[in-house]
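Asks: Structure incoming, see below.
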Amino acid sequence: MVREMLTGNASAAWGARLADVDYVPSFPITPQTEIIENISSWIRDREMNAKFVTMDSEHSMITAAGTAAATGARVFTATSSQGLLYGMEMLYTISGWRVPLVLVNVARAISSPITLEPDHNDILAARDSGWIQIHVENCQEALDAVLMGYKISEDERVFLPVIVNLDGFYLSFTREPVEIPDQKDVKKFLPPFNRENGYFRASKPVSRGAALLGGTGYSFFKYQMHLSACNAISVYKGVAKEFKAIFGREYDTVERYEMDDAEYVIVMSNSFATKGKAAVHIMREKGHKVGLLKLRLIRPFPADDIINELLNRKGVAIIDQNIAPGSGGILYNEVCGCLYHSKERPNILLSVIGGLGGKDISQAEFEHIIDTIKKYHNKKKVPIKPILLFTEEDMKVTNNIIDIAGI
Amino acid sequence: MDRAKIYKNVKDINEEEFVLPGTPLCAGCGGLLALRLAYKVLGQKVVILNAAGCFTLLSTYPYTPFRSSWLYTAMACGPAGAQGIRDALDILIEKGSIPKEENLKVVVLTGDGSAYDIGLQSTSGAIHRNLDFYYICYDNEAFGNTGFQMASSSPYGSRTGTTQPSDAYPMATEQQKKDLFEIWRAHKPPYMATVSPAHPVDLSAKFKKASEYKGPKLFITLAPCPTGWGYGASRSNRIAKLAVECGIWPLKEAIEGKLKHTYIPKFKPVEEYLSLQGRYDHLFKPVRNDFTIKKIQKGIDRYWAPFLKLTSCKR
Amino acid sequence: MIRVRFHGRGGQGIKTASRILGTAAFLEGYYVQDAPLYGAERRGAPITAFDRISKEPVLERGIITNPDIIAIGDETLLNDAAANVFQGIRKGGIFFVNTHYEASHILERYCLPECKVIVHDVTDITINTVGKASVSATLAACICRITGTAGKEALINAIKKELKSIELKDETIDKNIEAAILCYDKMSEVPIETYRFNPVSGPKIIAVKHYLPPKGVAVIYAKGNTKKRKTGNWRLFKPCINYERCVRCGICFVSCPDGCISLDTDNYPVIEYANCKGCLICYEECSAKAIETKREVRTW
Ligand code: SF4
Ligand code: SF4
Ligand code: SF4
């Protein structure tokens, strides 16, 4: 085991290297490029025994990843933003093939307007694609989630591909100390992929992806995908336990920060959760009983764990770093949905949209969120419309650029 | 698998069947015949990557006509899928994860809608990467699986669901057929050829020859399509032969970009070919459209003129 | 409401038949719904089409599982399990078959419930009058008459409209009308007891379990099992080899798209009729004229 300063991208690449992957199809897109540059160098320097290929698009890249997985190779690939959307058709196709692989998405907000920094409209656009989704907060978690991803994906109770989401810029280009596990420990944790049955072999032919008409069989196999994805919750927990036993780090489906006696809870995900934790810390110092619930596993949606954490709280704010125009925040709707049947659900569920296009969320804004929850505390009616974190100052800046653009 | 060393006549063709009967494809499908003949040379150690098209329906769960492996993928990415399988087999064999006896020939099967249009980028990429694979495009000259709409493979003067003849468009399809062969040839792949299901010996010989090359081996087969072209199913082979004899479907190959015609046609008037098909009816009835017919004929003449002077065309 | 379900083979004009019936009833002022259902199959395979004709707005959609009339455009479908032509057949319903057989023969042969079997050799009339075996207008005419949903004028207008829309030439349309009127006049109106929903026991909704692979994943492990589909049912004409004329050239063997011709140990071609689709390429390609064709008549 060594500790090194690594970017999120390098950490993800290390995850692939340690997982002893066989195959890495690629296509460059900012901010994912460092991942594929690292891996291709390692392969060219014979530090990694795998095949690397540059495809002609993300659509082709994801296809090659899926077909290689269907041939029994352990496959890693990575993309971002527009690339994920460009390959979207194949995300659905590959999960339907029921083949294991890990894809890292380096989150970046979606065009148009095109931008470079992250929000989660890219990754959440894939939320119904049948892929398992693990969202990470820091560089260490990026590496660890890749390793865990293979173990979950290759479990026959799941057999669905996994996306690990890490935020562009905030993690992709940010270095922090990361523990790189020993290869032999990783081997213990993640044995070679069992590729006995159902792969393309001369001796045992199979046909995969055949059309299925009439609805009945289609419903059955789609529902099997759902059940398999649901299985991924308990599989995830088992894998997390083994991971802790070997590497000492613990990753539950959700992470609880200052939750024990929290009356007010902020729900969020990914790298901005670090900012959220800092804000909670400061608010605690001021005497507010605030906690933070970080969502790590987003598909399958760990509803039971979320319900458990949110029951009997006075108020909860869900910060969505995404926007579904005409609906609001994606995670807000999902969290609300899972709480509906619980009598002890919080009085207030506040929808907040922030961090779009990587826009910062300040301490003052976090405090505003808690103040808003409190404001509604004794009110009968709480708005279900989202609040956008956008200040007077932000409006000034915006007016200014609109002026320059000319109306 | 194919016992023949060289293909001289029909008797040399492998009797073993690899695409079994009972598929849902149309009766008389010319593309299916080409696939069946090609498979006889390829043998059983094959995995097919089928891009969306008519042939998607070959395997409709729970049935498959194949004795070997098959994977259906989206319309844009047949060759990309082939890349993944080829690379996976190579690395798994190299690493010793699977024995080399398990190796397979990787074959992309696509219609022209995919090959000429939505899948062209993916094909270009695979040729550029020198992927060791076969590529078979069954060219029925339109989007057949969706009911026969115009594709860039649709010939000038033919009728499709989205290029119906009208007063403003008496020729129906106004664009010329895209020359996919030349686009491929610009990549200089080791082997590429056009074939026809009604020339089984030529077809078999070409697949055999292709097997000697590592890298992309690309085929476009004419795929007479009773459903889309509008003729009785029994005429598929007759029409395919006419396409060759009129010179509208040249049989050729190119090795590392070097072009050679494998058959010099008798140059029958193209009318003979056109008049048998419903998709050209509007050129003859209610009034004859001489302009368009002549233009088609001229296109053929112009295509052949330079080659007929060259000695490389052997009879 | 009258619910009509047509069965036929792709390319036979079944969809158009349903549209002619639909348009004719529409012209007579009914509320109408018509729709075809295509399977995976292409031309030659079984297809279905539906008509709902009602004096009230139609509050149903999709496939008809409880038809008042089942109209079989191609007798070979009766033997084709994949076509599922008997679904929802019931006492009092009408079962119309395009065939040269007697109604009693069909009743007995298929042990049908006490439904009204009506037969008519529509193909024969169509081939004789139009010269082709597309039964769209003629079949529609029979059903128009049996159901009493449209008079001759509406029928003729509907045929014109629908056949024009599939770009048939005027003379072909006229011949189709002629054949259709012949059929119309041969049939007579039959009182119809329409289907009433009468729940005996509702469907049982079950909780679907999770299955590990292989069962839970849609992978085909079988090889070449399309043979079980018996596409021989698609055939309208049957190729028959006259071995006395056959010169064993092997052309038919290399010309069959479906691989239904094999060579025996003496290199004579043998046709596998279970799946031969009857495209007749072999017949057309045999230069020794050793292959003959026969109109397919099922040996029930
Ligand atoms: S539409 Fe044409 S190409 Fe497609 S299956 Fe039918 S005959 Fe073959
Ligand atoms: S084509 Fe005719 S002559 Fe030749 S083998 Fe077939 S049946 Fe015999
Ligand atoms: S008719 Fe002849 S060519 Fe056509 S499927 Fe039957 S045997 Fe084959």
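The values are calculated or read from the model by the stated rules, or taken from the named source; none is laboratory data. These numbers come from a predicted model, not from an experiment. Note that we place each Cβ from the backbone using ideal geometry, even for glycine, and neighbour counts take in every protein chain shown. Quick note on the areas: whole protein, heavy atoms, side chains included, nothing else; ligands and nucleic acids left out. Shrake-Rupley method; radii C 1.70, N 1.55, O 1.52, S 1.80 Å.
Asks: Assign one of three labels to chain C, namely rounded, prolate or oblate, based on the Cα gyration tensor with a ≥ b ≥ c the square roots of its eigenvalues; rounded applies when a/c is under 1.5, prolate when it is not and a/b is larger than b/c, and oblate otherwise. Can you show the working numbers first?
Replies: Numbers: a/c = 2.07, a/b = 1.30, b/c = 1.59.
Here chain C falls in the oblate category.
Asks: If you fit an axis through the alpha-carbon atoms of helix C:14-27 and take the longest principal axis of the Cα set of chain C, what angle between them do you get, 0 to 90°, nearest 10?
Replies: Between the helix axis and the principal axis of chain C, the angle is about 20 degrees.
Asks: While we're looking at this one, here's another question. Ignoring the sites themselves, what is the longest stretch of chain A with no GluC sites (Glu not before Pro) in a DSSP loop and at most 15 other beta-carbon atoms within 10 Å?
Replies: Details: sites that count: A:E47, A:E196, A:E250, A:E344.
Longest site-free region, per DSSP loop and neighbour criteria: A:48-195.
Asks: Label points 7 Å out from Cα along the Cβ direction at C:T194 and A:E344: separation in nm?
Replies: 5.7 nm
Asks: Nearest 100 Å² is fine: what is the total accessible surface buried where chains C and B meet, probe 1.4 Å?
Replies: In total, this chain pair buries about 3700 Å².
Asks: Which residues, if any, in region A:1-30 lose at least 20 square angstrom of accessible heavy-atom surface (probe 1.4 Å) when the other protein chains sit next to their chain rather than the chain being alone?
Replies: The answer is A:D22, A:Y23 - residues whose exposure falls by at least 20 Å² when every protein chain is included.
Asks: Also: For region B:17-58 and region C:199-228, what is the separation of their Cα centres, given in Å?
Replies: Answer, in whole Å: 26.
Asks: Further question: Which pairs break 28 Å Cα to Cα here: B:K241/C:K238; B:K5/C:K289; B:K241/C:K289; A:K184/B:K214? Each step should come with its number before you reach the end.
Replies: Details: B:K241/C:K238 24 Å; B:K5/C:K289 31 Å; B:K241/C:K289 18 Å; A:K184/B:K214 38 Å.
In this structure, B:K5/C:K289; A:K184/B:K214 exceed 28 Å between Cα atoms.
Asks: So how far apart, in nm, are the two label points at C:N79 and A:K237 if each is 7 Å from Cα heading toward Cβ?
Replies: The two pseudo-label positions are separated by 6.0 nm.
Asks: Also: Using the Karplus curve 6.51 cos²θ - 1.76 cosθ + 1.60 with θ = phi - 60°, work out ³J(HN,Hα) for each residue of region B:97-103 in order, rounded to whole Hz, and write x for Gly and Pro.
Replies: Per-residue couplings from phi come out as 6, 9, x, 6, 5, 7, 4 Hz.
Asks: Of the trypsin sites (Lys or Arg not before Pro) in region B:1-73, which ones lie in a loop per DSSP and count no more than 15 other C-beta atoms within 10 Å?
Replies: Values: sites: B:R3, B:K5, B:K8, B:K11, B:R36, B:K40, B:K45, B:R67; in loops: B:R3, B:K5, B:K8, B:K45, B:R67.
When the trypsin sites (Lys or Arg not before Pro) of region B:1-73 are filtered for loop state and at most 15 Cβ neighbours within 10 Å, B:R3, B:K5, B:K8 remain.
Asks: How far is it, in nm, from the label point at C:R295 to the one at A:K188 when both lie 7 Å from their Cα along the line to the Cβ?
Replies: Here the answer is 8.2 nm between the modelled labels.
Asks: I'd like the mean, over residues of C:167-180, of how many other protein chain beta carbons sit within 10 Å of each residue's own Cβ. Let's see the in-between values first.
Replies: Values: counts 7, 0, 3, 1, 0, 0, 0, 0, 0, 0, 0, 0, 0, 0.
Average per residue, whole number: 1.
Asks: Could you state the accessible area per residue of region A:327-406 in Å², with a 1.4 Å probe and every protein chain left in place? Walk me through the numbers on the way to the answer.
Replies: Numbers: 4830 Å² over 80 residues.
Result: 60 Å² per residue.
Asks: Now, a different point. Which residues in region A:1-28 place their backbone N less than 16 Å from a point set 7 Å from the Cα of A:E37 along the Cα-to-Cβ direction?
Replies: A:6-14, A:27-28
Asks: Hydropathy first: keep DSSP H helices in chain B averaging at least -0.5 on Kyte-Doolittle, then drop any whose Cα extent along the axis falls short of 20 Å, and list what survives. Numbers along the way, then the final one.
Replies: On the way: long enough: B:78-94 (24 Å, 0.31); B:290-309 (28 Å, -0.54).
Once both thresholds are applied, what remains is B:78-94.
Asks: Which value at 222 nm does chain B reach when only helices count, each DSSP H run of 4 or more adding -39,500 (n - 2.57), with the total divided by all residues and rounded to the nearest 500 deg cm²/dmol?
Replies: Computed mean residue ellipticity for chain B: -9000 deg cm²/dmol.
Asks: Using modelled backbone amide H atoms (1.01 Å from N, in-plane), which distant-in-sequence or interchain residues come within less than 5 Å of A:A317's amide H?
Replies: Here A:V265, A:I266, A:V267, A:L350 satisfy the definition.
Asks: Exceeding 32 Å between C-alpha atoms, which entries from my cross-link table qualify? They are A:K204/C:K294; B:K95/C:K215; B:K252/C:K227.
Replies: On the way: A:K204/C:K294 42 Å; B:K95/C:K215 30 Å; B:K252/C:K227 35 Å.
Pairs exceeding 32 Å: A:K204/C:K294; B:K252/C:K227.
Asks: Now a separate question. Can you give the FRET efficiency to the nearest 0.05 for A:K289 and A:N378, using r as the Cβ-Cβ distance and R₀ = 25 Å?
Replies: On the way: r = 17 Å, r/R0 = 0.68.
Using R0 = 25 Å, I get an efficiency of 0.90.
Asks: If you don't mind, there's one more thing I want to ask. Can you tell me the 0 to 90 degree angle between the C-alpha axis of helix C:152-165 and the longest principal axis of chain C, rounded to 10?
Replies: Relative to chain C, helix C:152-165 is tipped by roughly 50 degrees.
Asks: Which of the aspartates and glutamates could a cross-linker bridge to B:K268, judged by Cα under 14 Å and excluding same-chain residues fewer than eight apart?
Replies: B:E245, B:D301
Asks: For region A:29-61, which trypsin sites (Lys or Arg not before Pro) are in a loop by DSSP, counting at most 15 other Cβ atoms within 10 Å? Write down the numbers at each step before the final one.
Replies: On the way: sites: A:R44, A:R46, A:K51; in loops: A:R46.
Passing both the DSSP loop test and the Cβ count: A:R46.
Asks: Something else about it: Would you mind giving the mean number of other chain beta-carbons within 10 Å of the Cβ of each residue in B:95-102, as a whole number?
Replies: Working: counts 7, 0, 7, 8, 3, 1, 3, 8.
Rounded to a whole number, the mean comes out at 5.
Asks: Considering every Cα-Cα pair within region B:10-311, what fraction, in whole percent, is farther apart than 31 Å? Write out the running numbers ahead of the final one.
Replies: On the way: 12090 of 45451 pairs.
Of all Cα-Cα distances in region B:10-311, 27 percent exceed 31 Å.
Asks: State in Å² the accessible area per residue of region A:2-247; use a 1.4 Å probe, count heavy atoms of protein chains only, and round to the nearest integer.
Replies: Working: 8120 Å² over 246 residues.
Heavy-atom accessible area per residue stands at 33 Å².
Asks: Would you list, by chain and number, the lysines whose Cα falls below 20 Å from the Cα of C:K116, excluding same-chain residues fewer than 8 positions away?
Replies: C:K91, C:K186
Asks: Oh, and also: Would you mind checking the tilt of helix A:330-339 against the longest principal axis of the Cα atoms of chain A, expressed as 0 to 90 degrees and rounded to 10?
Replies: The two axes meet at around 80 degrees.
Asks: Now for a different question. Per the 1.4 Å probe, what fraction of the accessible area of the protein assembly as shown, in percent, lies on carbon and sulfur atoms?
Replies: Numbers: 22130 of 41610 Å².
For the protein assembly as shown, the apolar C and S fraction of the accessible surface comes to 53 percent.
Asks: What net charge do the residues around C:D170 carry, taking every other residue with its C-beta under 15 Å from that of C:D170, with Lys and Arg at +1 and Asp and Glu at -1? Mind showing how you got there, number by number?
Replies: Working: positive: B:K285, C:K160, C:K161, C:K164, C:K169, C:K175; negative: B:D281, C:E162, C:E167, C:E171, C:D174, C:E178.
So the surrounding residues net to 0.
Asks: For region A:254-395, compute the number of Lys pairs whose alpha carbons are separated by less than 14 Å, excluding pairs fewer than 8 positions apart on the same chain.
Replies: 11
Asks: Among rounded, prolate and oblate, which fits region A:192-252 when a ≥ b ≥ c are the square roots of the eigenvalues of its C-alpha gyration tensor, a/c under 1.5 means rounded, and a/b larger than b/c means prolate?
Replies: Working: a/c = 5.62, a/b = 1.59, b/c = 3.53.
Judged from the Cα gyration tensor, region A:192-252 comes out oblate (a/c at least 1.5, b/c at or above a/b).
Asks: So if I take the centroid of the Cα atoms in region C:235-286 and the same for region A:234-252, what is the distance between those two points in Å?
Replies: One Cα centre to the other: 64 Å.
Asks: Something else now. For peptide B:53-61, how many partner chain Cβ atoms fall within 10 Å of a residue's Cβ, on average? Please list the in-between numbers first.
Replies: On the way: counts 0, 1, 0, 4, 8, 5, 9, 11, 14.
The mean count of partner-chain Cβ atoms within 10 Å per residue comes to 6.
Asks: If packing is taken as the average count of other Cβ atoms within 10 Å, what order do C:14-21, C:229-236 fall into, highest mean first? Display every interim value, and only then the final one.
Replies: Values: C:14-21: 28.5, C:229-236: 23.0.
Packing proxy ranking, top to bottom: C:14-21, C:229-236.
Asks: For B:S166 and B:E16, what does the FRET efficiency come to when R0 = 30 Å and r is the distance between their Cβ atoms, rounded to the nearest 0.05? Numbers along the way, then the final one.
Replies: Working: r = 50 Å, r/R0 = 1.66.
Once rounded, the FRET efficiency stands at 0.05.
Asks: How would you classify region A:254-395 from its alpha-carbon gyration tensor, with a ≥ b ≥ c the square roots of the eigenvalues: rounded for a/c under 1.5, else prolate if a/b is greater than b/c, otherwise oblate? Before the final figure, lay out the partial values.
Replies: Working: a/c = 1.24, a/b = 1.13, b/c = 1.10.
Rounded, since a/c falls under 1.5.
Asks: Shifting gears a bit: Are there any GluC sites (Glu not before Pro) in region C:27-97 that are in a DSSP loop and have at most 15 other Cβ atoms within 10 Å? List them by number.
Replies: C:E60
Asks: Which FRET efficiency value, to the nearest 0.05, do you get for B:E182 and A:S203 by plugging their Cβ-Cβ distance into 1/(1 + (r/R0)^6) with R0 = 35 Å? Display every interim value, and only then the final one.
Replies: Values: r = 40 Å, r/R0 = 1.16.
My answer for the efficiency is 0.30.
Asks: Positive end of the dipole of the protein assembly as shown, charges at C-beta (+1 Lys, Arg; -1 Asp, Glu), about the Cα centre: which of B:P24, C:A288, A:P161 has its Cα farthest in that direction?
Replies: The listed residue farthest towards the positive side: C:A288.
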